[in-house]
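Q: Quick one: this structure, given as structure tokens, is what I'll be asking you about.
The values are calculated or read from the model by the stated rules, or taken from the named source; none is laboratory data. Being a predicted model, the structure only gives us computed values, none of them experimental. Heads up, the Cβs are rebuilt from the backbone with ideal geometry, glycines too, and the neighbour counts pull from every protein chain shown. All accessible areas refer to the heavy atoms of the entire protein, side chains included, with ligands and DNA or RNA removed. Shrake-Rupley method; radii C 1.70, N 1.55, O 1.52, S 1.80 Å.
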Amino acid sequence: MNMTRQNEIIKTDYLVIGGGMAGLQSAIAAASKGADVVIAEKADTRRSGCGANGNDHFPCYIPECHGDDFELALRQVNMTMDGGPWQDPTMLRLWLSRSYEVVQFWESIGINMRPTGKWNFEGHSVPGNQRYHLKFDGKNQKSALTKAALDRGVRILNKTPICDVLTNEEGRVIGAIGFDISEDTPKLIVFQAKAVLIAAGGASRLYPGITPAYMFNDAGCPADAGTGHALAYRAGARLVNLDMAGGHAGPRYFARGGKGTWIGLTSDINGDCITPYQDKPSRENGDIASDIWPGSYRDRMQAGTGPSYMNCTRTTDEDLDYMLHDAMVSEGIDSITDHLDQRGISLRDSMIEFGSYNIGLSSQGVDIDVHAMSSVPGMFAAGNVMGNVKGSLGGAVIIGMVAGESAADYVKTVEECPVEGHPLIQARLDQCNAILNRSEGAHWKEAASTLQNIMNDYAGIVIRSESMLTAGLTYLRQLKEEAHQNLGASNSHELMRTLEVLDQIDIGEPMFLMFLNRKESRGPHHRADYTYTNMLLNDKFQTVEKTKDGVVLDFRSRW
């Protein structure tokens, strides 16, 4: 099988890579300002990304609800899962200040932001603070945003993953390479664009999941394989905070998001709370424990004090019915309720064991400025691929909007640059055809599982050291060489998965380098040989950048 190249070069002002929540919002914003926009989406924008099935909490600041003290709101939101020390304060200020605009826009396109008839804030809040997570019904969010994009003239190419961003000799973005996987035989597509948005999501599947034999059992979107990170890194963009890879929490072995949708208490095996935040279930506050201490479930198991449970046995009947039949449906996690019904499990009588899982990159990635532009001219980023701002729902779509507005202005300032003859085009075509013509090539799952074992065994979240990381980096580089020489694929789908694994290996390498360079213990990064926290690195982010002279590591201030 040979992959051919589509003759036509697709030309546009702004190429959006990834049709998730951030990508759609960005495309809408850019098109609304007159830019010609194309979305290239690996799956289908109507049901893709981490928001595929819905969301039910939108973090925002609405003055009529929260009052005029924006600084108070800023401080209090910084104490929720959408704040914290791993984003730039200027970026938090930016997205919170513009959050109400997006809420109003979503309501105007038919997303039900007030299912109770009023602005209603629930969950993800520290008891005693105001609540900032708007409870909404997001079941139709992807279809509504897709329609809004199409209505504004955005061209959407589904089944079109991107594998390279093209830059010119000056280092400016001029286009991209993708391929059409709608048929068994893939076809290479070349894009010419003045700007691109990297919005391909986080990086799942770098580490073994909670059920390693089923690697797509993931709390987020298992198709978010780190491609956006790899695209940006190979094109020379500065990445940040990759050394702070974290995990998620939820029902053990049943990986689903929406931990804030549960109305219960994080409890020990006896049903007693393990944190001091509240002593009874609260629909208004939810259980903040899993936001503040998402690794608690793993920590307690390792300490021998686990397991830990979500305890809804003291939740009122009214709140239980609301949680199961309204909130979880809006969040897109009603497969949990289906499972409970099928097994005859009553939350009135049974606690549900929770676990920590899915270590990966979510809100660790591309370093962007207040215009959402990376260090590469013409490359913007939004969503979970961002590294210095939270990429959960609010940050994703609001920074996506900012990126679209900024890109629409930027493309007016640069000339088109022809991409025909770019050396990456033929190199990528040759690589893909080599993969497709290896009749006895290794399967992508072999490389994927090997990568996960290397990451887990030598750069795991439990403990790291110079010797372990050095050995792991050596094995990773050996895997990279073997994978490029031996991986094979027999159709479009397998080629896509193969290129995903190669992207994951590409992003694993700078992660190892950053783990080695952070000679301290901080957050999820635990060093056996540097057990202390280096106070000189407080309020500093580690950065990594691939240059012509090699990989450059540095620390920068978050202020």
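Q: For Ala200, state whether it is under 16 Å from Met511 (Cα atoms) and touching a Ser or Thr at 6+ places or on another chain (Cβ under 8 Å).
A: Here the answer is no, as Ala200 does not meet what is asked.
Q: Among the listed residues Ala289, Ala225, identify the single one that is within 22 Å of Phe512 (Cβ to Cβ) and among the hydrophobic types (A, V, I, L, M, F, W, C).
A: One residue alone meets the criteria, Ala225.
Q: Answer yes or no as to whether Asp291 is acidic (Asp, Glu) and in contact with a Gly (Cβ under 9 Å, 6 or more places away or on another chain).
A: yes
Q: Any residue in the range 452-462 that is farther than 19 Å from Ala193 by Cα and in contact with a strand residue (DSSP E or B) (Cβ under 7 Å, 6 or more places away or on another chain)?
A: yes
Q: Which of the residues spanning the range 81-135 are in a loop (DSSP other than H, G, I, E, B) and of a type in the set (Phe, Trp, Tyr)?
A: Trp86, Trp119, Tyr132 - these are the residues of the range 81-135 that are in a loop (DSSP other than H, G, I, E, B) and of a type in the set (Phe, Trp, Tyr).
Q: Listed residues Thr275, Thr305, Thr313; which is in contact with a Lys or Arg (Cβ under 7 Å, 6 or more places away or on another chain), of a type in the set (Ser, Thr, Tyr) and either in a loop (DSSP other than H, G, I, E, B) or open to solvent by 50 Å² or more (accessible area, probe 1.4 Å) (or both)?
A: Thr313
Q: Here is a follow-up. Which residues, counting only those in the range 466-491, are under 17 Å from Cys163 (Cα atoms), assigned to a helix (DSSP H, G or I) and either touching a Ser or Thr at 6+ places or on another chain (Cβ under 7 Å) or open to solvent by 10 Å² or more (accessible area, probe 1.4 Å) (or both)?
A: Matches in the range 466-491: Lys480, His484.
Q: Where the second residue is of a type in the set (A, V, I, L, M, F, W, C) and part of a helix (DSSP H, G or I) and the first is under 24 Å from Asn140 (Cα atoms) and open to solvent by 40 Å² or more (accessible area, probe 1.4 Å) and lies in the range 330-344, which pairs have Cβ atoms under 8 Å and are six or more apart or on separate chains?
A: Between residues of the range 330-344 that are under 24 Å from Asn140 (Cα atoms) and open to solvent by 40 Å² or more (accessible area, probe 1.4 Å) and residues that are of a type in the set (A, V, I, L, M, F, W, C) and part of a helix (DSSP H, G or I), the close pairs are Asp334/Met328.
Here is a yes/no grid of residues against (1) at pLDDT 90 or above; (2) crowded, with 24+ Cβ neighbours inside 10 Å:
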| residue | (1), (2) |
| --- | --- |
| Pro222 | no, no |
| Gly228 | yes, yes |
| Leu239 | yes, yes |
| Leu242 | yes, yes |
| Tyr253 | yes, no |
| Arg256 | no, no |
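Q: Same structure, new question: Looking only at the range 153-171, how many residues end up being buried (at least 17 other Cβ atoms within 10 Å of the Cβ) and out of contact with any strand residue (DSSP E or B) (no Cβ under 8 Å at 6 or more places or on another chain)?
A: 1
Q: I'm told Arg238 meets every condition in (1) farther than 29 Å from Asn7 by Cα; (2) touching a Phe, Trp or Tyr at 6+ places or on another chain (Cβ under 8 Å); (3) among the basic types (Lys, Arg) except one. Can you identify the failing condition by its number?
A: So the condition that Arg238 fails would be (2).
Q: On to the next question. For Gly355, work out the one condition from (1) over 17 Å from Gly83 (Cα atoms); (2) modelled with pLDDT of 95 or more; (3) not basic (Lys, Arg) it doesn't fulfil.
A: The number of the failed condition is (2).
Q: Still on this structure, please answer the following. Only one residue in Gly153, Gly110, Gly128 is at pLDDT below 95 and more than 21 Å from the chain's Cα centre (by Cα), so which one is that?
A: Selected residue: Gly128, the only one of Gly153, Gly110, Gly128 that is at pLDDT below 95 and more than 21 Å from the chain's Cα centre (by Cα).
Q: Might you let me know whether the range 7-24 holds any residue that is closer than 17 Å to Lys194 by Cα, open to solvent by 10 Å² or more (accessible area, probe 1.4 Å), touching a residue at least 24 places away in the same chain (Cβ under 8 Å) and touching a helix residue (DSSP H, G or I) at 6+ places or on another chain (Cβ under 6 Å)?
A: No, there is no match, as no residue in the range 7-24 is closer than 17 Å to Lys194 by Cα, open to solvent by 10 Å² or more (accessible area, probe 1.4 Å), touching a residue at least 24 places away in the same chain (Cβ under 8 Å) and touching a helix residue (DSSP H, G or I) at 6+ places or on another chain (Cβ under 6 Å).
Q: How many residues does the range 448-482 contain that are touching a Gly at 6+ places or on another chain (Cβ under 8 Å), without any contact (Cβ under 8 Å) to a residue 60 or more places away in the chain and aliphatic (A, V, I, L, M)?
A: Total meeting the criteria: 3.
Q: Which condition number does Ala199 fail, the rest of (1) over 30 Å from Glu8 (Cα atoms); (2) touching a helix residue (DSSP H, G or I) at 6+ places or on another chain (Cβ under 6 Å); (3) at pLDDT 90 or above being met?
A: With (1) over 30 Å from Glu8 (Cα atoms); (2) touching a helix residue (DSSP H, G or I) at 6+ places or on another chain (Cβ under 6 Å); (3) at pLDDT 90 or above applied to Ala199, the lone miss is (1).
Q: Is it true that Asp287 is open to solvent by 60 Å² or more (accessible area, probe 1.4 Å) and either out of contact with any His (no Cβ under 6 Å at 6 or more places or on another chain) or not in a helix (DSSP H, G or I) (or both)?
A: No.
Q: Counting only residues that are among the charged types (D, E, K, R), within 18 Å of Gly488 (Cβ to Cβ) and in contact with a strand residue (DSSP E or B) (Cβ under 8 Å, 6 or more places away or on another chain), how many does the range 389-441 have?
A: Count: 2.
Q: Considering the range 148-186 alone, what residues qualify as being in a strand (DSSP E or B) and either among the polar types (S, T, N, Q) or closer than 22 Å to Glu415 by Cα (or both)?
A: The answer is Arg155, Asp164, Val165, Leu166, Thr167, Val173, Ile174, Gly175, Ala176, Ile177.
Q: Here's a follow-up. I'd like to check something: does the range 44-63 contain any residue that is surrounded by fewer than 17 Cβ atoms within 10 Å (Cβ to Cβ), in contact (Cβ under 8 Å) with a residue 24 or more places away in the chain, over 18 Å from Ile189 (Cβ atoms) and hydrophobic (A, V, I, L, M, F, W, C)?
A: yes
Q: Ser267 - would you say it is under 29 Å from Val389 (Cβ atoms) and of a type in the set (S, T, N, Q)?
A: No.
Q: Answer yes or no: is there a residue in the range 265-275 that is under 20 Å from Leu206 (Cβ atoms) and charged (D, E, K, R).
A: No, the conditions are met nowhere in the range 265-275.
Q: Further question: With the checklist (1) in a loop (DSSP other than H, G, I, E, B); (2) at pLDDT below 90 in hand, flag the one item His248 doesn't pass.
A: Only one criterion in (1) in a loop (DSSP other than H, G, I, E, B); (2) at pLDDT below 90 is unmet by His248, namely (1).
Q: In the range 405-420, what residues are under 19 Å from Ile10 (Cα atoms) and either in contact with a Phe, Trp or Tyr (Cβ under 8 Å, 6 or more places away or on another chain) or of a type in the set (Val, Ile, Thr) (or both)?
A: Ala407, Ala408, Val411, Val414, Val419
Q: Here's another thing I want to ask about it. Which one of these does Ser125 not meet: (1) in contact (Cβ under 8 Å) with a residue 60 or more places away in the chain; (2) hydroxyl-bearing (Ser, Thr, Tyr); (3) open to solvent by 10 Å² or more (accessible area, probe 1.4 Å)?
A: Every listed condition holds for Ser125 apart from (3).
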